[in-house]
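This report refers to the structure that appears directly beneath it.
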Amino acid sequence: MNNNYNISKQPAKRKIFKNGVRIFRPTEWQAFINAIPKQEYRTKMEALLFSGARYTELQWLYNNPSRFDGKNISMISLKAKVRHKERYIKLNDQGRMAVTYFLRGKRNLPMHHGWQENMKRWAFDAGLSEEGVGCKTSRKTYESWLATMYPNNWNHIFLSQGHTDRVSLEYYMMIPFDDEDKQEMEFYTRGWMK
């Protein structure tokens, strides 16, 4: 009988979903972004993550670049039923850079379906499950990270993202990130509350 156990090998972390949408841990995000073959697509993906904007909102911003003042995005609501007709999307330094590069790009985001298929392929190429990966993944991932890292400022986070208190508390609080995830999230969320 062989009793050689590899104690250092940790079990794989569970995938995180909210309403069927995949939320990446920071290590998963890094693997995912590294699997994107074209810099142009990486730039678009980073703008989606760091802005936390809805897919259609970022498409709209590309056609209305004056709504980005270099620090924040003045976003009109593109949803029919909404409490607030306009909101400011708060950005940290990485978000400002990502949005700036996105707006300098030669092309806007493609049609929703094509991007979703790309995301599933990139997840597969990164060695991640494709389950739940789609256009909402970046938005829900970043909002979850912000809620985890800035628990005392959730009202600012959710107003920036265009959510109500009820939706915010129901979907973005209490996500099972561990200490390692939180340590890695700090890199992506640093400076958001400045």
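Given a Förster distance of 30 Å, report the FRET efficiency between Thr27 and His156 from their Cβ-Cβ distance, rounded to the nearest 0.05.
0.65
Percent relative contact order of the chain, based on C-alpha pairs within less than 8 angstrom and at least six residues apart?
After rounding, I find 28 percent.
Given the DSSP H assignment, sum -39500 (n - 2.57) over each helix run of at least 4 residues in the chain and divide by its residue total; what's the result at 222 nm in deg cm²/dmol, nearest 500?
Only helices count here, giving -15000 deg cm²/dmol.
Would you kindly state how much longer the chain becomes between Met111 and Glu86 on full extension, computed as 0.36 nm times their sequence separation minus their alpha carbon distance, in nm to one decimal? All intermediate terms of the calculation are to be shown ahead of the outcome.
Values: separation 25, 0.36 × 25 = 9.00 nm, distance 2.40 nm.
Gain on extension, Met111 to Glu86, equals 6.6 nm.
Once mean projected area of the Cα convex hull in nm² is worked out from the coordinates, which option in (1) 17.3; (2) 12.7; (3) 14.5 does it equal?
The value computed from this structure is option (2).
Starting from the Cα of Lys13, draw a straight line to each of the lysines and keep only those under 16 Å, dropping any in the same chain fewer than 8 residues away.
Lys182
Find how much the distance from Lys71 to Tyr101 grows on full extension, using 0.36 nm per residue of separation minus their present alpha carbon separation; answer in nm with one decimal.
9.5 nm
Read the figures in this text as sums done on the coordinates, not as results from a lab. Values in this document were obtained by computation on a predicted structure and should not be read as measured data. Cβ sites come from the backbone with ideal geometry, for glycine too, and all protein chains shown count toward neighbours.
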